[in-house]
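Below: the structure, in structure tokens.
No lab work stands behind these numbers, since they all come straight from the coordinates. Note that the structure is a prediction, hence the values are computed from the model and not measured. A quick note on method: Cβ atoms are made from the backbone with ideal geometry, for glycine too, and the neighbour counts reach across all protein chains shown.
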Amino acid sequence: MIVANWKCNGSKIMIQDWISKFKETYVTSNNSYIGIAPSYIHIEHLSNNLKANSLDITYGVQNIDLSSGARTSAISLEMVQDMSCNFSIIGHSEMRIIFGETNENISEKLDLIAKSLDVILCIGESAEENINNQTREILKQQLEVINGRDLSQSFTIAYEPVWAIGTGKTPTPNQINDIHKFIKDVVQSSTVNNIVPKVLYGGSVNENNAQSFFNEDYVDGALIGGASLNGNSFAKIVNIFNGVN
């Protein structure tokens with residue numbers, strides 16, 4: 001499972017160029033789920049271009065609001081469904097840090113969207129928390145939003161250490177594998193239906209280091225930021241994941 005998070009990037013021209021570059025590099029395969037979370041205003045343009053180029057890539061949103069109505073600038077579940085989106089990312093560290101999103105907010109969003117869309121829940125520790133050996137403690141706190149839930153098998157976690165996002169720094173593959181196993185164990189023991197979720201790694205993933213992550217037993221794919229903005233680079237990462245590079 002490889003998902004692109006384009007964040008606050010993109011344009012119509014960029015999307016057309018991205019698709020052209022992706023197609024020239026991508027080796028067709030049925031081995032993986034490929035997703036893109038573009039900006040809201042580019043969803044329709046992306047969708048139309050994916051269809052026109054016969055690309056089996058799913059699209060979704062980077063976040064979703066809790067309600068509709070008098071909530072200036074917000075995007076509601078109904079709007080997202082109207083655009084035929086398949087998934088929503090929630091809990092991204094940038095939402096937590098920049099916009100003050102809390103576990104309570106994220107839990108309410110999970111209540112709202114879990115039965116309508118696939119969910120990718122982001123969790124991750126800061127540099128200070130990592131240095132102080134608090135990673136597992138912080139992740140377990142962030143995972144409290146799933147306690148006692150009956151979750152879909154499509155529910156996915158993205159482990160994104162905050163200190164690795166866009167910095168070029170990453171944990172070692174072995175460290176990532178150990179954390180992913182920990183996350184799977186926590187979710188399995190915390191949910192009513194004892195699901196073992198897919199866990200993606202995110203944080204400075206690129207075509208040069210992706211293989212080392214994908215070789216690990218508990219890494220089920222990647223949530224990719226910067227490297228996903230180039231169609232060639234993203235296609236190379238997908239090819240690596242599919243074992244056809």
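A few points about this structure:
- J(HN,Hα) series, segment 208-214, from Karplus relation 6.51 cos²θ - 1.76 cosθ + 1.60, nearest Hz, glycine and proline x: 8, 10, 4, 4, 5, 6, 5
- Annotation: amide H-H contacts under 5 Å for ILE36 (H modelled 1.01 Å from N, sequence separation of 5 or more, or interchain): ALA4, THR58, TYR59, GLY60.
- Backbone amide hydrogens, once placed in the peptide plane, bring ALA158 within less than 5 Å of LEU121, CYS122, ILE123, LEU200, excluding anything fewer than 5 places away on its chain.
- Residue among THR102, SER39, ILE165 farthest towards the positive dipole end of the chain, charges placed on Cβ: SER39
- Under the membrane-span-like helix rule (DSSP H runs whose alpha carbons stretch at least 24 Å along the helix axis, mean Kyte-Doolittle hydropathy -1.0 or higher), the chain yields 173-190.
- All Cα-Cα distances of segment 1-116, cut into 5 Å bins from zero to the largest, leave 2, 10, 20, 22, 20, 12, 8, 4, 1, 0 percent in each bin in turn.
- Note: segment 178-245, Cα convex hull, 92 Å³ per residue.
- Multiplying the residue separation of SER116 and LEU55 by 0.36 nm and removing their Cα-Cα distance gives an extension gain of 19.6 nm.
- Placing unit charges on the Cβ atoms only, positive for Lys and Arg and negative for Asp and Glu, gives segment 2-242 a dipole magnitude near 460 debye about its Cα centre.
- The alpha-carbon of LYS184 sits under 23 angstrom from the alpha-carbons of these lysines, leaving out residues fewer than 8 places away in its chain: LYS109, LYS115, LYS140, LYS198.
- Remark on segment 102-245: hydrodynamic radius 15.7 angstrom, per the Kirkwood mean of 1/r across alpha carbon pairs.
- Dipole magnitude (debye, nearest 20) for segment 128-231, charges at Cβ of Lys, Arg, Asp, Glu: 100
- Rounded D (µm²/s) - the chain, Kirkwood Rh over Cα pairs, Stokes-Einstein at 20 °C, 1.002 mPa s: 118
- Residues whose amide H comes within less than 5 Å of that of VAL205, counting only those at least five positions distant or on another chain, are GLY225 (H built at 1.01 Å from N in the peptide plane).
- For segment 146-236, trypsin sites (Lys or Arg not before Pro) meeting the loop criterion (DSSP other than H, G, I, E, B) and having at most 13 other Cβ atoms within 10 Å: LYS169.
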